[in-house]
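Right, one structure below, let's go through it.
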Amino acid sequence: MSKGITKRSEDYSAWYNELVKKADLAENSDVRGCMVIKPYGFAIWEKMQAEIDRMFKATGHSNAYFPLFIPKSYLSKEADHVEGFAKECAVVTHYRLKNAEDGSGVVVDPDAKLEEELIVRPTSETVIWSSYKKWIQSYRDLPILLNQWANVVRWEMRTRIFLRTTEFLWQEGHTAHATKEEAETETIQMMNVYAEFAENFMAVPVIKGVKSESERFAGADETYCIEALMQDGKALQAGTSHFLGQNFAKAFDVKFLNKENKEELVWGTSWGVSTRLMGALIMAHSDDHGLVLPPKLAPIQVVIVPIYKGDEQFEAVSAKANEIKQALEAVGVSVKYDNRDTYKPGFKFADWEMKGVPVRLALGARDLENGTVEMARRDVVDPNNRNAGKKVVNFDEVVAEVQATLEDMQQGIYKKALDFRTEKTTKVDTYEEFKQVLDEKGGFVLAHWDGTADTEDKIKNETKATIRCIPLDDDVEAGQCIYSGQPSARRVLFARAY
RNA sequence: CGGGGUGUGGCGCAGUCCGGUUAGCGUACCUGCUUUGGGAGCAGGGGGUCGCAGGUUCGAAUCCUGCCACCCCGACCA
């Protein structure tokens, strides 16, 4: 592994790409826009999945699985939905290959053309609602609260590892309800679940809000979202929760008999987060030395690096290291003892820093004599001052110190991200100021908007900034649209976004 | 789809303009010895149809024609 990565200040995009590769998270595959998620990257995703899944179950949801392929006809049943997704669908047209007659390899067998083409799901509303039609007859069948963990394919024009890949992993929740109120409550509940996960586990502060009409999910009546701010001042949509109204019930003819024996259309929601969260996690906290992981999502929370000369010292150090490892594991801390004798300590330090392991313990002969271990925390690394973030800890205090440090780091990186966002959130009252802030400072810009798609579109074309959301906070003050001067009920959140 | 760029050991690149020994460098890899508290040193070694297909030539990584792939910038999106 070559030394270091491009600095964020030099080229943020290059920094991100190099970090993803050098931290061993993922790499591009030979298929354009697709990625191979490597074991270390997948371990982080699994930690996320485990927690999100737990939260879904705690709110009454069950997991199920629906097929990858969708009959083409399904997609066209909901007009807005097909409009939104048709341009980016992969289509299966044949089911067989055969050897080429000139011996050049295999070719598609023209005799194996499908009667009806199949779409590789870009999202599963259509398949799931076609099942719901079969499952729902009575109010007694409601609500249905399902989630599925799946892969989906959207043929995007430009891709970037984790942030936008042709195939990505996600969860998609799909619920069906008897009343509008219940469906709306569900939609908001799931947005809150996402926000709680982002803030408490990823240590990424988010703004909760609703999308403007033009940014709304294809087929939804309302889209709620959480928006995060990255270190380069660009926004990232981290999760969405859609109130589908009765749109899919109408499209798939899903009705139920209520207590009064009257037929009614079912109300729906859908909500999802994807491997894009990996991108958010990376871009929110990491530095020029590599990944910085929040302790709650770090596959390895503590790494122990032995320092020794000769077999005798190695054995003595290893004995103590394993003792510390067991003591930490006993209180639920995940520990890696890096006993590879093929790399020197300096290499290991840099390697684990690149991978974002929160706490490193270095243990050598000197420590054995003193009854101490050197503890270093990942969120404080300074190549000009190697003692920054380091602390000598007595053996009998290691467990308590590590636990306290992990907790402190989880809080600390959240606070750092929150402070950054606060600093990069600007209220502006004129269009000139709006453009100036976007160009010179970046970040979130709170400005008045007249509520029309026309104004939104013009601002987007002129500045590349979009309305990330209309925040749900109660910081409401009336004003005048920065673009048209028309009255505005409240400020909305603008930013340039990923 | 428009604009730009790049294809040469695993990775990163030089060489191409101006054809000419055995295609070179860094790194990674293998072996040995010495090392080990911030990315070790020395010595030896293995690894290449120069993106693909034609063509020009005594001779092509280099010139010509065609094709393919990928990357970056825009429009589109979780």
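Readers should treat all values here as calculations from the given coordinates under stated rules, not as data from a laboratory. As the structure is a prediction and not an experimental result, all values here were calculated from the model. Note that each Cβ is placed from the backbone with ideal geometry, even for glycine, and that neighbours are counted across all protein chains shown.
Can you list the HN-Hα couplings for the range A:69-80, worked out from phi with the Karplus curve (6.51, -1.76, 1.60; θ = phi - 60°), rounded to whole Hz and with x for Gly and Pro?
9, 10, x, 3, 5, 4, 5, 7, 6, 10, 4, 5
I want to verify the translational diffusion coefficient of the range A:12-285 in µm²/s; compute it with Stokes-Einstein, Rh as the Kirkwood radius over Cα pairs, at 25 °C and 0.890 mPa s.
122
For the range A:13-69, what is one quarter of the convex hull surface built on the Cα atoms, given in nm²?
Mean projected area of the Cα convex hull: 6.0 nm².
For helix A:398-423, report the angle its Cα long axis makes with the longest principal axis of the Cα atoms of chain A; keep it between 0 and 90° and round to the nearest 10°.
Roughly 50 degrees between the two axes.
For chain A, find the longest principal axis of its Cα atoms and tell me its angle to the long axis of helix A:276-285, 0 to 90°, nearest 10.
Once rounded, the angle reads 40 degrees.
How far is helix A:431-440 tilted off the main Cα axis of chain A, in degrees rounded to 10, range 0 to 90?
Value to nearest ten degrees: 40.
What is the Cα coordinate range of the range A:295-420 on the first, second and third principal axes, sorted by size from largest, in whole angstrom?
Principal extents (Cα only, largest first): 49, 32, 25 Å.
In Å, what Kirkwood hydrodynamic radius results for chain A from the alpha-carbon pair distances?
Radius from the Kirkwood sum: 25.3 Å.
At 4 °C and 1.567 mPa s, grab the translational diffusion coefficient of the range A:83-199 from Stokes-Einstein with a Kirkwood Rh over Cα pairs, rounded to a whole number in µm² per second.
For these conditions, the coefficient is 73 µm²/s.
Over the alpha-carbon set of the range A:250-325, divide Rg by the Kirkwood Rh and report the Rg/Rh ratio to two decimals.
Reported Rg/Rh, Kirkwood definition of Rh: 1.48.
Which order, highest average first, do A:270-279, A:442-451, A:410-419, A:324-333 follow once you tally other Cβ atoms within 10 Å for each residue and take the mean per peptide?
Answer by packing, highest mean first, reads A:270-279, A:442-451, A:410-419, A:324-333.
Listed here are the pairs A:Lys234/A:Lys416; A:Lys77/A:Lys458; A:Lys234/A:Lys336; A:Lys7/A:Lys348; A:Lys211/A:Lys255; which of them are more than 25 Å apart at the Cα?
A:Lys77/A:Lys458; A:Lys234/A:Lys336; A:Lys211/A:Lys255
Å³ per residue of the Cα convex hull, for the range A:424-495?
Dividing the Cα hull volume of the range A:424-495 by its residues yields 74 Å³.
Which whole-number percent of Cα pairs in the range A:190-252 have a distance greater than 15 Å?
The answer is 54 percent, as a whole percent.
Using alpha carbon coordinates only, what is the Rg to Rh ratio of the range A:218-271, with Rh defined as the Kirkwood radius?
Ratio value, two decimals: 1.26.
With +1 assigned to the C-beta of every Lys and Arg and -1 to the C-beta of every Asp and Glu, and no other charges, what is the dipole magnitude of chain A about the Cα centre in debye, to the nearest 20?
600
Does a label point 7 Å from the Cα of A:Thr185, set along Cα-to-beta-carbon, have any residues of the range A:45-86 with amide nitrogen under 16 Å, and which are they?
Output list for this probe position: A:59-61.
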